[in-house]
Structures are given as C-alpha cells and as structure tokens.
Amino acid sequence: KTQTNRITVLGQQTFGGWLVHQRFVAASANGTYPGDVTNTVTPTDYKSKNLLASADASGTLNDDLDFSLQVSHILDRDEATGTTTTTSRDLVNTDFTQTLTSGLVIRTFVDAAHDKLKSTTLNKERSLTDKLELGQIWEIPLGNGFAVQPGARWLQFHDKFVSAIALSHSSDERRVWLTYSEGFREPSLYDLYADTTFTAPNPELEPEQAKQIELGFTQEPDKKTSTYSQGFTWGISIYGIDYSNFFENQTVSVGRTKKVNQASAVAYGGELSAGIARGTRTLMLSYNHLQGEIETTNEPLTLAPRHQVTVAATQSFGPMVIELRDTYTSSFYDRVFAGPLRKLPDANILDLNLRSMGFTRWEFKFGILNVLDRPREITIGYPEPQRTLYFSALRYL
C-alpha cells in the first residue's frame, strides 16, 4: 500500500512581448515495497519526497529570431531500511530559433546540467559538473511540399555527437516522413554510485546507445479547426531500433541487483490509426505492435506488450467535451530483480473523461479511470490503482 500527496502551483505572466511561466510541484509517498512468492525479500517500508521548480521565458528578439530560456531544479529523496539517498539536478536550457526569408528555419540550443548524489552509504557526495550539450536542427524547404531536417547534438561530458535526419512531404491534408535518428541514454548517478538495500553501484556502466529508422504517413480530415472537424483520418508508421550496451539488471545477492551492459537488443513495430469526425463527434481506433528481443539471450524485452488497441469516442456539449476510452494491452514479460521472466496478464481498461473547452479563465477536468475496477499490474509486485475518481479546476488570473 502507498499513500501519496502532491501539490502543484502554476503561474503565467506577460511582460511586453515576453511570456513567462512558473511551475512548482511537491510530492511525497509513504508505503511498503511488497515481497514476492518467488523471492525471500521481506516487505520494506519506504518514504520518498520529490520537488520540481522551474521558470521559463520566451519572446522575440527581432523579426526573425525567437528566444526561450528555462531554469529548473529537480530533487528526489528516498528512504528505506535506514538508507537515505538524495539525487538532484539543476538545468539551464536556452533555445534560439531563426526563420529566414527563404523559409529556412535554424534552431540552436544549449543545455547545461549539474547532477548530485548523496547517500548514507557513500563516504562523500558524488557529482557530475559542467555537463554541457550543444546542438542545431535545420529545416530546409526543398519546394513542392518537400523538406529535409538534419540535426546534431554534441554531448560534452562524453565527447559524443548524436545525429538525426528527416525527409518529409506535407500538404494541407497529408504528411509522409522518413527519419533516421541516434539515441543516447547515459547512466544516472544512482546507477553508477547508489549502494542501497536493493541496488549495488556500477561505476563502470557505459551509456546505452540506439539507432532508429521510421517511415510514416498521415491523412487529416477534410475540414479541421480547433473546435470542429469533418471527415476521415488515418495513418500508419513502421520502425526498427537497434540497441547496443543495453542496460540489464544483474543479481549480486538475494534481492539485490546492479545495472550492467551485458546485451544488445532489437525492437521493431508499427502503429495503425483511423478515425472519423462528424462535427462535434469523433471516433478513433489505433493499434500498436511492438516486438523486441535481447539478442545475447534470445529473451523478449521486458515491459513491452506486443499488442495494444485503443478505441476512443468524444462528444462536445457546448463548452464541455466528454470522452469514453477503452484500452486493451496484451500480456508481456517482467522479472523480479534479475530472476526468471514472468508473464503478466493482459488488461482491458475503460476510462471516462470530461473536460471544459472555451472558457476564458477557467479549465475543468473530471473523470473516472478504470471504470470497471479491473486489476492491472504493469510491474511485478506493484499493482496499479483500480477505479479512480479525479477532479481539477484551474483558474487563470
């Protein structure tokens, strides 16, 4: 069982031609890590506290140059069986977007981060400083609706370039694209140095890398505005991903694991969607297929359902929109620590959502998640909440 609390404060102001946002989120959780019938781990009490504070400003520097700046602080603190681990990250993100008369768009961004890790099991604080990333994305029009978008990012801490390129064709109602991109997921300070009841450190852990290719097509409705659409829409996309230095958990003692680079993996899949809109009514159907395998062990990827089907219907009533959404997720695999794979059952979840649209200063949301109160387990030992009622009201000052 877990008890959670969260408070969120949002702010927005306009100064001249500049738009400024503030966001503050504080959350806490108290509960018990469950034991497992295949494992001798004793259920353990835990506490966690999380904090996010950010502010951003965006505006126009001149006729063809837009600028944005965001500053963020993130703090996570976890306590379990006498061990306290605290991770924090300070971020500064800047973004320049220049639009030239030829239609060429150049986006330049600079991101800087400072990470820290403190733990009662470490003899000193660990930190990663001067983590700088520089990048550019170009959108080059080729005429007749065609465009090419090359991009690259330099990761200073790893002295690594990551690139991507996209070729697309767009019209008022259709879009076709082909993309190639490189992924790079660095290990966290927690993965590298945290020594806790459940995890062991691995300072030799290398970043996980990936290469992905995707081909897709979408067809939009014949008529579409922010509040009205008419016609048929559909789309299809297929993709493949090749992973290297794939992160895997390795058992070091009963109930205790560490993250290692012991595998390469592949994944491929696709998405098919279709919908019809008639004025204030819409009906959408989507199907996702995902198939992945760890090549070194010939095991399926964990937490990766092969099939997912979603059906959603919406109806507008004046300033309100009601949505009924049903999502089916097929069975998939997970493991307890680094133990054998176990199959989790499929699930069919029905949600009912109501939201406002068109009010000047107010925004309302109300809904019932998992209306039929079906049990669901996404991760072994951590059942999801069942029927959930929520309500929110937001007023802009």
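Any read-out appearing in this document is the output of simple, stated calculations on the displayed coordinates, not a laboratory observation. Computed from a prediction, not measured in an experiment: that's the story for all the values here. All Cβ positions, even for glycine, are placed from backbone atoms using ideal geometry, and neighbour counts span all protein chains on display.
Here are some notes:
- Net dipole in debye of the range 150-205 [+1 Lys, Arg Cβ; -1 Asp, Glu Cβ; about Cα centre; nearest 20]: 260
- Spacing of the two label points (7 Å from each Cα toward its C-beta) at ASP242 and ASN348, in nm: 4.0
- Simple label model, 7 Å out from Cα along Cβ direction - GLN156 to TYR268, nm: 4.1
- Karplus-derived HN-Hα couplings along the range 10-19 (A = 6.51, B = -1.76, C = 1.60, θ = phi - 60°), whole Hz, x at Gly and Pro: 10, x, 8, 9, 10, 10, x, x, 9, 10
- Under Karplus coefficients 6.51, -1.76 and 1.60, residue-wise ³J(HN,Hα) of the range 210-215 in Hz, glycine/proline x: 8, 10, 10, 10, 9, 10
- Straightening the chain between THR8 and LEU372 buys 128.1 nm, computed as 0.36 nm per residue apart minus the Cα-Cα spacing.
- Burial order of peptide ranges 351-363, 265-277 (average beta-carbon count within 10 Å, highest first): 265-277, 351-363
- Treating r as the C-beta distance of LEU69 and LYS118 and R0 as 22 Å, the FRET efficiency rounds to 0.20.
- Charge dipole of the chain about the Cα centre (unit charges at C-beta), most positive-ward option of LEU117, SER102, THR388: THR388
- Positive-end extreme of charge dipole, the range 254-372 - chosen from TRP362, LEU324, GLN262 (charges on Cβ): TRP362
- Taking Lys and Arg as +1 and Asp and Glu as -1, the other residues whose beta-carbon sits under 15 Å from that of GLY270 total -1.
- Label-point gap, in nm, between ASN50 and LEU91 - each point 7 angstrom along Cα→Cβ: 1.3
- Based on the reciprocal of the average 1/r between different C-alpha atoms, the Kirkwood radius for the range 278-397 equals 16.9 Å.
- Using the Cβ of GLN250 as centre and a radius below 11 Å, the other residues enclosed give a net charge of +2, where K and R count +1 and D and E count -1.
- Distance violations [Cα-Cα > 24 Å] among LYS47/LYS131; LYS47/LYS258; LYS49/LYS124; LYS131/LYS160; LYS211/LYS343: LYS47/LYS131; LYS211/LYS343
- For VAL252, the amide hydrogen comes within under 5 Å of the amide hydrogens of THR257, LYS258, counting only partners 5 or more places away or on other chains and with H modelled in the peptide plane.
- Between the range 131-173 and the range 330-364, the C-alpha centres lie 32 angstrom from each other.
- Only Lys, Arg (+1) and Asp, Glu (-1) charged, at Cβ; the range 312-397 dipole about Cα centre in debye: 180
- Gained length - GLU214 relative to THR297, 0.36 nm times residue gap less alpha-carbon distance: 27.3 nm
- Calculated P(r) tail over 16 Å for the range 344-397, as whole % of Cα pairs: 55
- Positive contributions from Lys and Arg (+1) and negative ones from Asp and Glu (-1), summed over other residues with Cβ under 9 Å from the Cβ of ASN50, come out at +2.
- Computed about its Cα centre, the charge dipole of the range 72-222 is approximately 260 debye, with only Lys, Arg, Asp and Glu carrying charge at their Cβ.
- Model label zone, ASP195; criterion: amide N under 14 Å from point 7 Å along Cα-to-beta-carbon; scope the range 86-127: 118-126
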